[in-house]
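Below you'll find the structure, written out as structure tokens, and then a few comments.
Nothing in this text is a laboratory measurement; each read-out follows from the coordinates by a stated rule. Predicted model only: the values in this text are computed from it and were never measured. Ideal geometry is used to build each Cβ from the backbone, glycine not excepted, and the neighbour counts take in all protein chains shown.
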Amino acid sequence: MYRFNQKSFADKNKDKIELIKQFGKHTLLLYADLESMQIIEDSNIVALAQKYGVDSGKLMQFLKSRNIIVEVTTDTKPPEAKPQDNTIQERPQETIQPEPPPKPSIDVNELTPAERNVYNKYGENGVKVLRVYDPKKSFLQISEESGVSIDSVVEICDYIRSADLVSTPETAQTNRFTPKIVTDIDEIENEATDIDEFEINKDQKDPLKKYVIKYKLPLHIAAKFGQDGKIVEKYIDQNPKFRIVDALIALKMPMNRFLDIIQFISKEYGIVKTRKITRKELRSAYGYDSYAVYKKHGIHGLILYNLLGGDIGVEESIRQYVRISGDRDPQKIASIINSINEVLGVRAVIDESAVERALK
């Protein structure tokens with residue numbers, strides 16, 4: 001039997017970084033699950049390992065080695081019996097005074113318009129981040145200076161930038177007096193990204209069209225696109241609704257080639273529906289910090305972010321990324337990887353030479 005070991009904010013961040021390195025970025029949620037448990041048993045560790053797709057033995061070893069969980073020692077010695085005192089003693093009735101509510105560390109009445117804006121959405125944490133925010137600082141540095149968890153820092157910093165709450169040299173001329181106030185948060189969260197979601201509808205009511213799609217389409221694609229066409233046709237049969245990032249990573253196919261095939265199917269057979277997923281859907285599909293990477297590097301950043309989050313290693317992730325994106329610029333690839341490390345709070349920097357070695 002174990003309990004979660006409460007550590008300092010800095011030590012918790014170190015544990016999270018090591019957890020990501022060992023088991024992938026999605027296991028940050030595993031850490032949160034552990035932290036919420038009062039008593040942790042072996043069966044709980046096994047259940048969490050199954051839930052997040054990791055080896056239970058390795059997970060247990062990791063949690064113990066980093067002292068994230070500690071054993072609970074139960075004292076089995078029965079309490080000593082106290083001699084009974086039959087004398088009735090009158091005790092003065094105690095009046096329980098309610099404790100006054102804790103005073104907030106931030107006085108709302110003294111907030112600037114920008115601070116009030118971020119306070120309305122994120123509370124005191126938002127104000128703490130805003131007061132130390134600098135676009136030149138890393139997320140980890142802002143997290144350490146503000147005392148706010150790095151997960152929250154990524155989200156709050158993204159909001160600060162999107163709402164133009166801090167003037168920079170680039171925006172100073174157009175934003176000299178008051179910050180832009182964003183009032184409709186739902187509108188921001190439901191803002192469309194550039195990430196396509198496709199839906200292939202082969203289930204047609206018209207018998208002739210249904211026959212053509214079932215028998216002619218596979219032959220037509222194969223004749224025009226060869227083996228690539230067959231691979232895509234099989235994929236859309238198994239996944240009639242999919243996002244482009246998922247398809248590209250699964251097929252390891254150049255993006256331009258894949259889009260040519262999908263556009264051909266859409267034009268010739270009219271069975272393809274396309275829409276842009278929202279910012280909220282992107283986070284839900286690829287993780288809490290994925291939007292920060294996407295916003296800086298677009299779909300290419302999101303593809304590399306997901307490849308690095310798998311179990312194929314950095315060098316193979318780079319090779320697959322190059323095949324999918326067609327981007328062979330070592331400087332750009334290193335820049336994306338370093339941005340991803342920054343978002344995850346990983347103190348690791350990769351240079352162009354490391355990318356060049358992976359591409360040899």
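For the reader, a short list of remarks on this structure follows.
- Close amide H partners of T193, meaning residues 5 or more places away or on another chain with modelled amide H under 5 Å apart, are I277, T278, R279.
- Estimated FRET transfer efficiency when R0 is 41 angstrom, pair R116-E35 (beta carbons, to 0.05): 0.85
- Normalised contact order of region 199-340, rounded percent, pairs of Cα under 8 Å and 6 or more residues apart: 23
- In this rough spin-label picture, where each label sits 7 Å from Cα along the Cβ direction, the R66-D237 distance is 4.4 nm.
- Hits among lysines - C-alpha to C-alpha of K210 under 24 Å, sequence gap 8 or more where chains match: K202, K224, K230, K234, K241, K267, K273
- Ranked packing of 114-127, 211-224, 275-288, most packed first, by mean Cβ within 10 Å: 114-127, 275-288, 211-224
- Annotation for region 253-306 versus region 32-67: alpha-carbon center distance of 33 Å.
- Packing-based ranking of 289-297, 129-137 yields 289-297, 129-137, ordered from highest to lowest mean Cβ neighbour count within 10 Å.
- Cut-off 18 Å, label 7 Å out along Cα→Cβ of T274, residues of region 299-340 by amide N: 299-300, 325
- Between the beta carbons of A47 and L208, assuming R0 = 56 Å, the FRET efficiency works out to 0.60 to the nearest 0.05.
- Enclosing the Cα atoms of region 287-359 in their convex hull gives a volume equal to 77 cubic angstrom per residue.
- Net charge of neighbours whose Cβ lies under 10 Å from the Cβ of E199, counting Lys and Arg as +1 and Asp and Glu as -1: +2
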